[in-house]
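**Student:** I have a structure I would like to understand better, so I am pasting it below and will then ask my questions one at a time.
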Amino acid sequence: MHQMIIRNASIIDGSGKDRYRADILIVGDRIGAIGNLADRSEYAGIEQRDAEGLVLCPGFIDAHSHDDNALLRDPGMAPKVTQGVTTVVTGNCGISLAPLVSKSPPSPLDLIAADDPLAFRYETFADYMTALEEKPAAVNTAPMVGHSTLRIAAMTDIDRPATAGEIAEMRRLLREAIEAGAVGFSTGLFYPSSRAAPAEEVVAVLQALEGSQAVYTTHMRDEADEIDASLEESFETARQANVPLIISHHKCMGKRNFGRTTETLKRIERAAQEQDVSFDVYPYEAGSTVLLQDLADKSYRVRLTRSKPHPEMVGRELADVAAEWGVTEHEAMQRLSPGGAVYYMMDQADVDRVLKHDLAMIGSDGMPHDHFPHPRLWGTFPRVLGHYARDRGLFSLEMAIHRMTGLTARKFHLEGRGTISEGAFADLVLLDPEKIIDRATFDDPTAPADGIQAVFVNGEAVLDKGALTAARPGRVLRHAEVRESAVL
Ligand SMILES: [Zn+2]
């Protein structure tokens with residue numbers, strides 16, 4: 001087994017505790033020992049690397065990704081590896097690649113299709129997991145199942161609530177996925193593909209999670225004027241189904257809702273006293289998704305990230321394109337669809353408040369197939385560490401790292417990940433705390449971050465001395481075994 005010692009590192013272990021100085025022994029895919037190791041005779045002859053002045057921490061877990069298809073198409077996963085990400089949670093916002101066979105599923109599933117008519121080709125979730133294992137990526141995958149995907153697979157018409165028979169079919173598909181090891185189920189009740197689903201439908205489908213450790217994540221029905229009702233719906237749904245709840249990309253959208261996170265966070269805290277609730281957040285005041293009029297109406301600026309019929313307009317403002325064409329923005333959006341955009345619709349003070357909260361996990365929500373993507377795809381994690389922790393002092397580097405490692409592993413039940421401890425998997429990042437910073441901006445959205453020196457996934461370097469390697473050690477992370485008590 002390959003062994004290596006990283007010596008003199010300043011270790012931030014992912015728990016939120018203060019850093020300490022130690023050497024670390026990597027044995028195969030695990031952390032074999034921690035302590036004063038470098039000069040011990042039993043380790044003589046083992047490869048050593050000096051980490052003087054650097055921080056060694058657990059690899060980052062992207063709590064909110066849309067990398068379902070990117071993992072298969074671009075297994076090098078450069079946008080994530082260059083940030084220090086070693087695990088991505090997929091299947092967010094109700095959108096997963098499996099289980100669904102369809103040549104042209106409706107929006108927002110195009111968000112992960114990458115214009116590939118054969119993207120949705122997995123009849124079962126196990127088939128998708130097998131595909132990931134046959135062609136491993138550089139990073140680990142913790143996959144979830146999307147509600148919209150299930151609806152499209154099981155229903156003849158998604159513009160209405162599911163019938164009892166359709167619910168039974170969704171539950172069967174979800175059960176299959178959970179038994180294959182899916183770590184959770186997500187909804188995107190905001191999107192047209194799931195908008196017609198009442199809470200009762202979600203509760204009924206969620207019964208497939210019974211007896212498992214799988215979580216429920218939700219892109220809520222409304223993140224604007226009706227956010228309180230949406231939060232209550234989310235709490236109630238999770239409570240009835242008796243599952244842990246993770247609210248996706250928590251925000252308050254639209255100018256008239258600026259400042260309201262003071263209330264929403266209190267509401268979440270109250271619920272968290274009764275049930276397991278947390279949320280993820282990306283560190284920007286603009287969001288991004290498919291083209292939707294509803295979102296454009298709440299934004300003070302809209303910029304195009306992708307357009308199938310008009311790729312030449314990507315990177316430009318919707319308002320400029322509309323003016324150039326001499327049409328309304330609404331009309332321009334219809335001509336540009338299917339596509340995607342960056343929507344400026346948040347208040348920086350809200351973003352700060354959410355990031356600082358103890359229940360916040362960091363998730364990029366990056367869009368890997370956009371041609372001019374939101375910079376969060378390449379910048380999220382170094383931005384939290386460099387801009388928010390070091391430069392603005394919003395929280396300590398230890399707390400920033402906890403929100404992207406230990407906390408996330410605990411909430412998603414990813415055993416052996418997210419901490420530096422003996423016996424844990426050697427998913428590790430070596431970074432320069434003085435230099436770490438995002439370089440991706442809204443004008444130059446794919447610039448890699450600075451300050452990440454090395455990234456190890458299951459003990460293998462996927463980035464070394466700042467450069468990507470050819471190693472593809474990523475695994476599919478299955479949640480702990482479904483308990484026997486579960487009966488459908
Ligand atoms: Zn979402």
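**Student:** For the pair Q348 and T262, how long in nm is the line joining their label points, each one 7 Å along Cα→Cβ?
**Tutor:** 1.9 nm
**Student:** OK, next. Return the distance in nm (one decimal) between the two label points of a simple spin-label model at D115 and E269, each offset 7 Å from Cα along Cα→Cβ.
**Tutor:** Roughly 4.8 nm, to one decimal.
**Student:** Continuing with the same structure: Hey, could you get me the Stokes-Einstein D for the stretch 288-344, Kirkwood radius over alpha-carbon pairs, 4 °C and 1.567 mPa s, rounded to whole µm² s⁻¹?
**Tutor:** 122 µm²/s
**Student:** Now, a different point. Report the per residue volume, in Å³, of the convex hull enclosing the C-alpha atoms of the chain.
**Tutor:** 134 Å³
**Student:** Also, I was wondering about something else. Considering every pair of different Cα atoms, what Kirkwood radius, in Å, is found for the stretch 67-109?
**Tutor:** Computed over Cα pairs of the stretch 67-109, the Kirkwood hydrodynamic radius comes out at 11.8 Å.
**Student:** What fraction, in whole percent, of alpha-carbon pairs in the stretch 274-411 exceed 25 Å separation? Intermediate values should be presented prior to the final figure.
**Tutor:** Working: 3416 of 9453 pairs.
Value for the stretch 274-411: 36 percent of Cα pairs lie more than 25 Å apart.
**Student:** Now a separate question. Tell me the relative contact order for the stretch 260-411 as a rounded percent, counting alpha carbon contacts under 8 Å between residues six or more apart. Write down the numbers at each step before the final one.
**Tutor:** Working: 225 pairs, mean separation 42.6, N = 152.
Relative contact order comes out at 28 percent.
**Student:** Using a 1.4 Å probe and counting only protein heavy atoms, arrange K80, K465 so the residue with the most accessible area comes first.
**Tutor:** Putting K80, K465 in descending order of accessible area: K465, K80.
**Student:** At q = 0.13, 0.15, 0.17 Å⁻¹, what base-10 log of I(q)/I(0) does the Debye formula yield for the stretch 229-301 when every alpha carbon is treated as an equal point scatterer in vacuo?
**Tutor:** -0.45, -0.59, -0.74
**Student:** Pop the C-beta distance of R172 and E133 into the FRET formula with R0 = 25 Å and round what comes out to the nearest 0.05.
**Tutor:** 0.60
**Student:** On a 24 Å Cα-Cα criterion, which of the cross-link pairs K435/K465; K135/K435; K17/K251; K80/K435; K251/K411; K80/K135 come out too long?
**Tutor:** Pairs exceeding the cut-off: K135/K435; K17/K251.
**Student:** Across 10 Å bins from the origin, how do the percents of Cα pairs in the stretch 3-55 run, short distances first?
**Tutor:** 26, 56, 17, 1
**Student:** A further question on this structure: For the pair E52 and D157, how long in nm is the line joining their label points, each one 7 Å along Cα→Cβ?
**Tutor:** Placing both labels 7 Å along Cα→Cβ, they lie 7.3 nm apart.
**Student:** Mean 1/r over all different Cα pairs, inverted: what Kirkwood radius does the stretch 111-222 give, in Å?
**Tutor:** Details: mean 1/r = 0.0684 Å⁻¹.
Taking the inverse mean of 1/r over all distinct Cα pairs, the stretch 111-222 comes out at 14.6 Å.
**Student:** What is the packing order of peptides 411-417, 330-336, taking the mean over residues of other C-beta atoms within 10 Å and listing the highest first? Mind dumping the intermediate values first?
**Tutor:** Values: 411-417: 21.3, 330-336: 17.7.
Going by the mean number of other Cβ atoms within 10 Å, highest first, we get 411-417, 330-336.
**Student:** May I pose another question? Please compute the Kirkwood hydrodynamic radius over the stretch 179-226, one decimal place, Å, based on all pairs of different Cα atoms.
**Tutor:** Values: mean 1/r = 0.0851 Å⁻¹.
Answer for the stretch 179-226: a Kirkwood hydrodynamic radius of 11.7 Å.
**Student:** Quick one: check the C-alpha center-to-center distance for the stretch 29-65 versus the stretch 232-280, whole angstrom.
**Tutor:** Distance between centres, Cα-based: 37 Å.
**Student:** Right, another one. What is the calculated FRET efficiency for A196 to A164, with r their C-beta to C-beta distance and R₀ = 22 Å, to the nearest 0.05?
**Tutor:** 0.90
**Student:** Here is a follow-up. For Cα pairs less than 8 Å apart in space and 6+ apart in sequence, what is the mean separation divided by the residue count of the chain, i.e. the relative contact order in percent?
**Tutor:** Rounded, it is 21 percent for the chain.
**Student:** Looking at the square roots a ≥ b ≥ c of the eigenvalues of the Cα gyration tensor of the stretch 337-488, which shape do they give, rounded for a/c under 1.5, prolate if a/b is larger than b/c, or oblate?
**Tutor:** Note, shape of the stretch 337-488 comes out rounded.
**Student:** I'm checking a number: the convex hull volume of the Cα atoms of the stretch 214-362, normalised per residue, in Å³. What is it?
**Tutor:** Numbers: hull volume 17.1 nm³, N = 149.
Here the figure is 115 Å³ per residue.
The values are calculated or read from the model by the stated rules, or taken from the named source; none is laboratory data. Since this is a predicted model, take the numbers as computed values, not measurements. Heads up, the Cβs are rebuilt from the backbone with ideal geometry, glycines too, and the neighbour counts pull from every protein chain shown. SASA here: full protein model, heavy atoms, side chains in, ligands and nucleic acids out. Shrake-Rupley method; radii C 1.70, N 1.55, O 1.52, S 1.80 Å.
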